[in-house]
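Have a look at the structure below, then the notes.
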Amino acid sequence: MSSSQEEYSSDEESIYDSNVANKSQVLLGFVDGPVTREDQPTIEDTFIGGQPIWLHPESKPEESYLICDSCGKKLALLLQAFSPLDSALYDRVLYIFGCKDGQCAKKKGSVKVIRGVNKNDEVVKRIKEELDGVKMKEMEDKLKSEQSKKLNDELTKNLFSKDKSSDNPFGGSNPFAKNDNPFNSNSGNPFAPTESNAKTDEKPATKSQSYADVAKTAPKSPKQEEKKLQDGLPQYNGSFVYVDQEKFRKDKDEEAQLAKYKHLIEENDAPEEGSSKRRGSSSSAVLDPHTTKISNMLDDKYFENFSSTVKHNPGQVLRYDLNGKPLLYNGKDDVAKIFLNSNQPSIPRPGYNPSSERRFELQLMPKAIMDLEGLNDDNVDVKDILNGMSWGTIIVCTDVEDYIPDDNFDENKVGYIQEWCGVQWEESI
């Protein structure tokens, strides 16, 4: 699948700052082509829109997780993220769902997050084999490196020593002609293509790999026929997502993207001729509420930080930073107060595991709205825009113990639980 994301193309690599200090540990998700009838995602894929893929075709979450608490309608998938943890011997997926009814915006329960875990014996066995394979590969690479160094030392040692049987300083036995080199043949190499794995060159996941590495290289399980809830779920346009490390453009001017808005505000606030009254008064706000809204945004340093950060990678639909901090869309609403607590974030504890805590894991970004609703298309109805989603970001926090009660697991050893999400709505600014 070829990427459509321009920011990370090789031709544009030079526009990003190479200074390590200016690189982020945050992982970003970018749209990477549409989901089609011919190109369907598997459980190991990350994607937005479309229909969810459950961890087992016979195992689905309880329907209350997939119903809007406001209008009672079924929710639509916003994001499905394959999110394995480094030390976990199970598959793990995060799902974000949202109500398509614009009247439910800002209402509790109109956006929900589900964490799913598959501890099926086959899954556990597969992951163990992958980890064992990685360890063998690491040992093989180390052995190969040591042998290469030894052969290089041997060659260097003989460069200036004259062999008794020849005037050729390179004469004598060829250290590279040995037939006992374990790397001359694929027979002992567990990573060499075989009849069973010759069709893929994907690397197995390792405990030390990042979320991005795992999400991009996880081997695909045999695709199973998916079974949806009765009548399925409403859906948005589906698109695959690929993950890469956040990079910053060399242009450090954080005001560049906001300059045009500030210019409008300055014009609006200019004093009227022959009067000391400024046009930025409450009367002008009634005449131009849009300008007032932008002004309020610019007064919020968190929104400014959000805008200046996103401008480096405007195509991002996902930010992943396990144990990190979310990029707040504003600093004024109830969600912001949770993370701006003077001591530490006051994220609600998981009710199903009250002795534990939650940590930030990922957030969905507003660019996803354009892709989900097809606002990049030429034939977009204005009503679709006005009635569409209006959130600035959806922040997902998950249990630090990654716990799911035993009662939530079914006979397939698949369990789902609802996690906490904080929605920063655009109108809340």
Report summary line: Flagged in segment 318-329 as crowded, with 22+ Cβ neighbours inside 10 Å and not aliphatic (A, V, I, L, M), in numbering order, are Arg319, Tyr320, Pro326, Tyr329
Report task. Out of the residues in segment 335-355 that are over 27 Å from Ile404 (Cα atoms) and either touching a residue at least 60 places away in the same chain (Cβ under 8 Å) or out of contact with any Leu (no Cβ under 9 Å at 6 or more places or on another chain) (or both), state the one that is least open to solvent (accessible area, probe 1.4 Å). Result -> Ala336
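Which of the residues belonging to segment 391-419 are open to solvent by 40 Å² or more (accessible area, probe 1.4 Å) and not in a helix (DSSP H, G or I)?
Hits for segment 391-419 are Val400, Glu401, Tyr403, Phe409, Asp410, Glu411, Lys413, Gln418.
If you go through segment 51-76, how many residues are part of a strand (DSSP E or B) and more than 16 Å from Ile417 (Cα to Cα)?
Here is the first cut: in segment 51-76, the residues part of a strand (DSSP E or B) are 56, 59, 67, 74, 76.
Within this subset, residues satisfying the condition of being more than 16 Å from Ile417 (Cα to Cα) are 74, 76.
Total satisfying the criteria: 2.
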Query raised in the report: How many of the residues making up segment 77-104 are part of a loop (DSSP other than H, G, I, E, B), open to solvent by 10 Å² or more (accessible area, probe 1.4 Å) and farther than 15 Å from Tyr236 by Cβ?
Result: 7
Query raised in the report: Which one is farthest from the chain's Cα centre (by Cα), of the residues in segment 394-429 that are farther than 16 Å from Ser355 by Cα and aromatic (Phe, Trp, Tyr)?
Result: Phe409
**Report entry** Selected residue (criterion: nearest to Val111 (Cα to Cα)) from residues of segment 31-65 that are surrounded by 15 or more Cβ atoms within 10 Å (Cβ to Cβ) and among the small types (Gly, Ala, Ser)
**Finding:** Gly49
Report summary line: If you go through Lys150, Lys74, the only one that is touching a helix residue (DSSP H, G or I) at 6+ places or on another chain (Cβ under 8 Å), of a type in the set (D, E, K, R) and over 24 Å from Asp244 (Cα atoms) is Lys74
Query raised in the report: In segment 27-77, what residues are of a type in the set (Asp, Glu) and under 22 Å from Met370 (Cα atoms)?
Result: Asp32, Asp39, Asp45
Report task. Name every residue in segment 294-347 that is over 17 Å from the mean Cα position of the chain (by Cα), over 19 Å from Thr398 (Cβ atoms) and in a loop (DSSP other than H, G, I, E, B), in order of residue number. Result -> Asp299, Asp300, Lys311, Tyr329, Asn330, Gly331, Lys332, Asp333, Leu340, Ser342, Asn343
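The values are calculated or read from the model by the stated rules, or taken from the named source; none is laboratory data. Just so you know, these numbers come straight off a predicted model, no measurement behind them. Methodologically, a virtual Cβ is constructed for each residue, glycine included, from the backbone with ideal geometry; neighbour enumeration extends over all protein chains shown. The area values use the complete protein model at the heavy-atom level, side chains included, leaving out ligands, DNA and RNA. Shrake-Rupley method; radii C 1.70, N 1.55, O 1.52, S 1.80 Å.
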